[in-house]
Structure formats: structure tokens, C-alpha cells
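Since the structure comes first, as C-alpha cells, the remarks are kept for the end.
The values are calculated or read from the model by the stated rules, or taken from the named source; none is laboratory data. Note that the structure is predicted; figures quoted are calculated from it, not measured. A quick note on method: Cβ atoms are made from the backbone with ideal geometry, for glycine too, and the neighbour counts reach across all protein chains shown. Each accessible area value is taken on the protein alone, full model and side chains, heavy atoms only, with ligands, DNA and RNA left out. Shrake-Rupley method; radii C 1.70, N 1.55, O 1.52, S 1.80 Å.
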Amino acid sequence: MNLSSLLSKKRINLSLKPGKKEAVIRELVYSIKKGEDAELIISTLLKREELGSTGIGKGIAIPHCRSLAVEKLEIAVGRTLKPINFKSIDKKPVSLIFLIIAPPQDPGNQYLITLGKIVQIAKEITKKNLIQKPKTPEEFISLINDLEKGLKRRK
Amino acid sequence: MNEDLTQAHLKLLFDLDNLIDDMEEPKYQKIGFKVENEARLLLLRKRNDLLKKLPKELAEIYERLKKRYHQAIAPVENGFCLGCFQQLPTQLLTRSQEIITCPNCGRILYWRKK
């Protein structure tokens, strides 16, 4: 499955208000679920962050977890107006965040496959210095689509 | 104990167990997410603390189911238990606020909020 097909314009916020890591995660989760379900996801994501930051370096973070609260794999993307502290592995602030939530039952391990793909795409984004390039959610999806095609061609 | 709080602890325990499983999955580590052993032990401790917050009988059921099926909780979708894919009796479908188990496989049922 293409990564771009899992993205939805409504869940791409390219002008996310900068704030604490938890507040930014919260805002992205609330674009997927509300209330009790959202709180469960946030608790699990924060527990994951306690294990080590999902800030993979060079300005990108990929918070992720499985949760009972979702029926299918869900992705939200946020780009903060100013870089925020995410306690990343390279200690650099983060401005692009891919948030991934998968259901516990996940035949074919789509979750780990998608997570792997996002890591690859994120590396391409940083390598080509594209974090700030897309101006709209449509442009963002189109960029991911192009990067994905490029990666496939290389294989 | 307050039923809502018990349900919240149960759901978080289940999500944490999935997190622990993923961390131990070689494919996960291959992606590049390294987890230090110390952090892993801390998470296991938190998991056990959460288990202790459940009523003793429920904690025992949860652990027994986890041992047997790996995943002790199964979501309900369109009246089916997603653990064993059996249709649930109609009378159970009105009890989505309670902690109940699937009459077929015994997993704890979870109704997602609509």
C-alpha cells in the first residue's frame, strides 16, 4: 500500500502552533480521535516517548504506537511554525512530525511496514532539505507520492 | 473500584503490552528505533504497577488470556468478536459499558467509542 494513500488532507496541519512535545502530540491525536479514545492514545504515545524519543534526527519525529482506540492504521502529520524540543537523538529541534497509530490486530504487519516506509521517506526529506517545501496539504501528499515513487525506482 | 477507572487501566495495560511486544520485535529494531534495556525494564515495571491496580480476579483473567492468546482483549466490530471472529449473542451487545468476555473464546471484549 502506498503511503500517500494513507494520508488525508484533513490530517495534515502545516502550521501547527509550536509548543511542548506533549501539546503537539495531543493536537495531532485529536485530529484522529476525540475524548476518551484520544486520551488512551496519548497515554500510550507518551509511554513510548519515555522509552526514548521518536525524534529520529534532522528535524523529524515519528511518534507511534498501537492502540485499542483505532480500527485501522491512522496517520496525522504536523509541521510546526517554529521548531520544537522533542528530545531527539541528535538533540536538534523538530518541525515535521508523522504520527502513526495502528490497531492491535494488524494482519500482515502493515504497521511496521508503514513505519519503515515513513522512516525511509523522512530520510529523503531531510537529505533533499524538503521539510519546508510543501505549502499546502495537497502539495505535501504529492511530495510524499513523488518520494515514494523515487524510492521504488531505486529498488 | 470505579468501573470506568478499571476499564481505563485495562485498556492502557493492553496498549502497553502491545508496546512491549513491538519493542522486542526484530523488525521494529531493524527500522532503527532502539530501546535501551533500562527503559524497557522501567516500562515493564509500569506495566506491572498497572496490573496491580486492577481487581485481583480481573488481573488474573487478563494474565491467563494473555498467556493463552497473546492478546487478552478483542475489539467488537459489527457484533463480532475480532479475537475469534464469532458473532456475539444479541443480549451481549447491549452491555458494551461492562467488562465482559466473549462466550466463545473468553477474551475480554472492547467496544470502540463511535
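Listed conditions (1) of a type in the set (D, E, K, R); (2) open to solvent by 20 Å² or more (accessible area, probe 1.4 Å); (3) modelled with pLDDT of 95 or more are all met by A:Glu124, apart from (2). Within the range B:3-50, the set of residues being of a type in the set (Asp, Glu) and under 21 Å from A:Gly108 (Cβ atoms) comprises B:Asp15, B:Asp17, B:Asp21, B:Asp22, B:Glu24, B:Glu25. Of all the residues in the range A:41-76, those that are touching a residue at least 60 places away in the same chain (Cβ under 8 Å), surrounded by fewer than 19 Cβ atoms within 10 Å (Cβ to Cβ) and either at the interface with another protein chain (Cβ under 7 Å from one of its Cβ atoms) or outside any strand (DSSP E or B) (or both) number 2.
Of all the numbered requirements in (1) in a loop (DSSP other than H, G, I, E, B); (2) among the polar types (S, T, N, Q); (3) closer than 25 Å to A:Glu36 by Cβ, B:Asn104 misses one, and that requirement is (3).
Anything in the range B:97-106 that is open to solvent by 30 Å² or more (accessible area, probe 1.4 Å) and at pLDDT 90 or above? List them, or say none. Answer for the range B:97-106, where residues must be open to solvent by 30 Å² or more (accessible area, probe 1.4 Å) and at pLDDT 90 or above: B:Ile99, B:Thr101, B:Pro103, B:Asn104. Being at the interface with chain B (Cβ under 9 Å from one of its Cβ atoms) and over 14 Å from the mean Cα position of the chain (by Cα) is the filter; apply it to the range A:93-112 and report the residue that is most open to solvent (accessible area, probe 1.4 Å). Here the answer is A:Gln105.
Among the residues of the range B:78-96 satisfying the criterion of being away from chain A (no Cβ under 14 Å) and in contact (Cβ under 8 Å) with a residue 12 or more places away in the chain, which is surrounded by the most Cβ atoms within 10 Å (Cβ to Cβ)? Within the range B:78-96, the match that is surrounded by the most Cβ atoms within 10 Å (Cβ to Cβ) is B:Leu88.
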